[in-house]
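The structure appears right after this line, and notes come after that.
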Amino acid sequence: MPTAWPTAADLMNPRPVTLPFDAPISEALGIMRSKGYHEVPVLQRKRLAGMITFESLARRVSRATATKVGSLLTMAPLITPRLILPEVAELLLGSGLRGGPVVGPKGDLLGVISRTNLVAALADHPGFPHERVARIGSPATVVIREDDTVRHLQSQVRLLEEHPLPVVDRKGHLVGAVGVADLASVLWRPDTGGKRDLPQRTRALDVRVASFMRSPAITVDADGHSGEAARKMTAANVSSVFVVEDGHPTRVVAQADLLGLVVGAARTARGPGRIEDCYVEVTGLRGSSDPALLADIDHLVAQGLKRIARHVHPSLFSLHLSPHSTHRTADITAEGRLHTDAGIFYATQTGWNLMAGVSGIMEELTAQVQRDQESRRGRTRGGRRAPGDETVEDADLEERIRATTGDEE
């Protein structure tokens, strides 16, 4: 890489909040609620034992609040102080965690580093790829209306855990954003054990989204670039921004999308590698999905990458799946972004057949790569003009020649 990247030691929080191995999960929930954390390191005899995550707490069934966090630990990626930003980004994306522990040689906890730390360092870094936001992120296929109630929002909890959703008015214009923390502030309140709890909960389900959404939402124009998105995320302390066109939300750009650009650029800079070394990430699948579905997707992607590798060297492939939020159709939008040594390629498919969509994306990316290589070869041959070949490579010069000679198309 032409420019030095900061290391984990440069970016980490050296004084993280931690929990002891035998702490009750009620204490973990209290810390997450007050600090806004999704993961907290757990120590056993001053050494890192693992991470307690909001997702692991949310999945628990019939567990008392006195249950110890040690029984719900998640293994964290091994982040050492000398790892540079793209390497840390790859580890966090691979683990699905928003943050991870930085550990010393003896397993001692040195600090915690988050996606927010990484994005804050990206905005003005010369090594950060500047891509138009209209070409990254995921489509805003799911929107919430300001007149919707908490009852409706509950059905979108899985999406809310991934990123905030856009809130629109009756004309479809973006007026705010709502995330899982906003829903929790209204719905998930501790009970007092009195007779009034049930009526209060019933009323909570009828609360309108407009009364607790965050407004205004943080936006970026379709012509904006990834650096602008990173700066806005950092300034507003949010995990995503919305791309707007004519006031309507069209895409959601999350921290993970920006970090994916960095991982792809870093892998490309390392030079050609084996096809097996291509980093593949699939997002948008639900935890309840059939494992066979992911295996079939992985098979189609692997076949496509082998065909693509005949022409270029793929370094990273991102596939995002976005189900449409309507009871009238089961359509799903699949978007693929491929990083190669010849550039970045994009493809999208929408329809009810997910596997046909994934197959179509791989075919479209293969066709794009082939066209790009043919165009490059054509320019190379054109650069070695035979005697008498009057092809002009300078477009402005060609126009002046035509104007002088009266040669009009």
Need the failing condition index for Leu91 against (1) surrounded by 18 or more Cβ atoms within 10 Å (Cβ to Cβ); (2) outside any loop (DSSP other than H, G, I, E, B); (3) in contact (Cβ under 8 Å) with a residue 40 or more places away in the chain, just the number.
(3)
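Kindly indicate whether any position in segment 215-232 is in the same structural domain as Val167 (by TED's automatic domain parsing), hydrophobic (A, V, I, L, M, F, W, C), part of a strand (DSSP E or B) and at pLDDT 55 or above.
Checked against the condition, which is being in the same structural domain as Val167 (by TED's automatic domain parsing), hydrophobic (A, V, I, L, M, F, W, C), part of a strand (DSSP E or B) and at pLDDT 55 or above, segment 215-232 yields at least one hit.
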In segment 1-45, anything at negative phi, in a loop (DSSP other than H, G, I, E, B) and under 22 Å from the mean Cα position of the chain (by Cα) is listed as Trp5, Pro6, Met12, Tyr37, His38
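If I filter segment 1-30 down to residues being aliphatic (A, V, I, L, M) and more than 14 Å from Leu72 (Cβ to Cβ), which single residue comes out as surrounded by the fewest Cβ atoms within 10 Å (Cβ to Cβ)? It would help to see each step written out before you state the result.
Taking segment 1-30 as the starting set, the residues that turn out to be aliphatic (A, V, I, L, M) are 1, 4, 8-9, 11-12, 17, 19, 23, 25, 28-29.
Then drop every residue that is not more than 14 Å from Leu72 (Cβ to Cβ), which leaves 1, 4, 8-9, 11-12, 17.
Details: Met1: 13, Ala4: 11, Ala8: 26, Ala9: 15, Leu11: 20, Met12: 22, Val17: 13.
Step by step, filter segment 1-30, then rank; the result is Ala4.
Do we have Ser56 as among the small types (Gly, Ala, Ser), modelled with pLDDT under 90, part of a helix (DSSP H, G or I) and loosely packed, with under 15 Cβ neighbours inside 10 Å here?
Values: among the small types (Gly, Ala, Ser): yes; modelled with pLDDT under 90: yes; part of a helix (DSSP H, G or I): yes; loosely packed, with under 15 Cβ neighbours inside 10 Å: no.
Taking the combined requirement at face value, the residue does not satisfy it.
The values are calculated or read from the model by the stated rules, or taken from the named source; none is laboratory data. Since we're looking at a predicted model, the values are computed, not measured. A quick note on method: Cβ atoms are made from the backbone with ideal geometry, for glycine too, and the neighbour counts reach across all protein chains shown.
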